[in-house]
2 protein chains.
Amino acid sequence: MSSPLILITNDDGYQSAGIQALARAVASLGEVYVVAPDGPRSGAAASITCTTPVSFSALSVPRTYSCTGTPVDCVKLALEQIVPRKPDLLLSGINHGDNASVSIHYSGTMGAVFEGCMKEIPSIGVSLYLQHGQSYEDNPVSEDALTAIAELCRRVLEQGLPQDTCLNVNLPVAHRFRGWQVCRQARGRWSAEWITAANPRGQQSFWLTGQFTDLEPQAEDTDFAALREGYGSVVPVTVDMTAFAAMERVARLVQ
Amino acid sequence: MSSPLILITNDDGYQSAGIQALARAVASLGEVYVVAPDGPRSGAAASITCTTPVSFSALSVPRTYSCTGTPVDCVKLALEQIVPRKPDLLLSGINHGDNASVSIHYSGTMGAVFEGCMKEIPSIGVSLYLQHGQSYEDNPVSEDALTAIAELCRRVLEQGLPQDTCLNVNLPVAHRFRGWQVCRQARGRWSAEWITAANPRGQQSFWLTGQFTDLEPQAEDTDFAALREGYGSVVPVTVDMTAFAAMERVARLVQ
């Protein structure tokens, strides 16, 4: 069997500390390709570029490319134009900031993961849960946690993931890795999302910001609960968004 | 009880024929606000604008605003800066092209709907399934179908939707509306996604395009099956992306 092919992308851009840490962590598991945006794409979700062409450039590091598009564009371009065969694993991250709870919907990190999953590649997004005042640079992911990520990747390479399922992994800031908890997406809400931007032309404009509220602070089986307790959270995520539990009620609604 | 407040957005921009048809269709149900992008945002998914400020302008039509951001930005701005109270219903569309199967993940139309749902507003996305060579302008949504959408909205205003659940509605091109089918998201795959763009500077660049394949052409309970048969498809969609069916297998994987 040939060496596994691992494709890595992110939404913070190829220069970010997180993607470099991730590439280093899994370097011994196979042949690693990095295809990542040429700059920050935070909040890109699974967006794709429809109104302009997209291009990519090989960088001086072997098998490393920067791309003018979104994280999903990076994956689509890599698969058709860059990597020599279908990857055995897709990784996205390590994101500067968590993608737990409903933040998964805005996350460019997880957008790339959905894309890998829809292309039937086992795909994992990794993000770092930073609390107020913490920065990624001051709180790099510990070697301990990077070892745990590599072990998780090794197992996924060996065993695969269920159909249409990918993983949303979030890590707490900690020197010692305490272990994984498999959990569900917490119910959450963003509010107070805009602050007025200074504008020299007099027009009102707004910066997106916001405060997150965990709507289930008592629950013990959510990603936020795991992170609060200092565990790495692993949410199995499906790209089938059908609300099966709601089918009957909606069927009555349209009758 | 005061008149319901209905917020409408889309990803094709406020000038598009689809959003105007939708606003007209539900005008008699309540007080309608339109807050939509200032131009096309196809493929915007649930992306948000993090790197620049966003602004909006009131247009000459009452309660109609254009916004420089994404569809999700439109919803977030409308809720905090424009509408006088929490909307009773959020609509997005009518999109030029379907958002059935996995296209839901790239859809700016549905991104706005997820946002409404996460803000606990009953939310519905409406898209038009155009086949090769069809354009929205040549195939406007029939009066018959617009009446059916208005009736669906009336019922949702009356009965609400289950928690964390929104609707992904797609319409076939047809003069007579044949009825709704409540269904699940079809498994599908996009491939052959890039064509080389002419580039006067010599750099290789690529336009995103692609061919869609329904991976379950025999299934009768999917959105694509309903559309092929000439029905309007209604997929109940959950913003909880947890793959509950995969929890045990993933738990064994990380043990």
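The values are calculated or read from the model by the stated rules, or taken from the named source; none is laboratory data. Just so it is clear, the structure is predicted and the values come from calculations on it, not from any experiment. Reconstructed Cβ throughout: ideal geometry from the backbone, glycine too, with neighbour counts over all protein chains shown.
Tabulated values for the structure
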| item | result |
| --- | --- |
| Matching residues, segment B:206-243, being at the interface with another protein chain (Cβ under 7 Å from one of its Cβ atoms) and free of Cβ contacts under 8 Å to residues at least 40 places away in the same chain | B:Phe206, B:Trp207, B:Met241, B:Thr242, B:Ala243 |
| Contacts under 9 angstrom Cβ, first residue in segment B:1-20 being on the phi > 0 side of the Ramachandran plot, partner among the hydroxyl-bearing types (Ser, Thr, Tyr) and at pLDDT below 95, 6 or more apart | none |
| Which listed residue is within 12 Å of chain A (Cβ to nearest Cβ), closer than 20 Å to A:His105 by Cα and either in contact with a helix residue (DSSP H, G or I) (Cβ under 8 Å, 6 or more places away or on another chain) or crowded, with 24+ Cβ neighbours inside 10 Å (or both), from B:Ser92, B:Ser47 | B:Ser47 |
| Meets criteria (touching a strand residue (DSSP E or B) at 6+ places or on another chain (Cβ under 6 Å) and either among the aliphatic types (A, V, I, L, M) or under 18 Å from B:Glu193 (Cβ atoms) (or both)) for A:Asp88 | no |
| Qualifying strands (runs of 3 or more DSSP E) (wholly inside segment B:1-99; at least 2 residues being over 16 Å from the mean Cα position of the chain (by Cα)) | B:31-37, B:56-58, B:64-67 |
| Criterion (basic (Lys, Arg) and either under 24 Å from B:Gln211 (Cβ atoms) or more than 9 Å from chain A (Cβ to nearest Cβ) (or both)) met by exactly one of B:Lys76, B:Lys86 | B:Lys86 |
| Failed item in (1) surrounded by fewer than 23 Cβ atoms within 10 Å (Cβ to Cβ); (2) over 13 Å from B:Asp12 (Cβ atoms); (3) in contact with a strand residue (DSSP E or B) (Cβ under 9 Å, 6 or more places away or on another chain), with B:Asp138 passing the rest | (3) |
| Checklist (1) within 19 Å of A:Ser47 (Cα to Cα); (2) among the polar types (S, T, N, Q); (3) in contact with a His (Cβ under 9 Å, 6 or more places away or on another chain); (4) away from chain A (no Cβ under 14 Å) applied to B:Thr9, failing item | (3) |
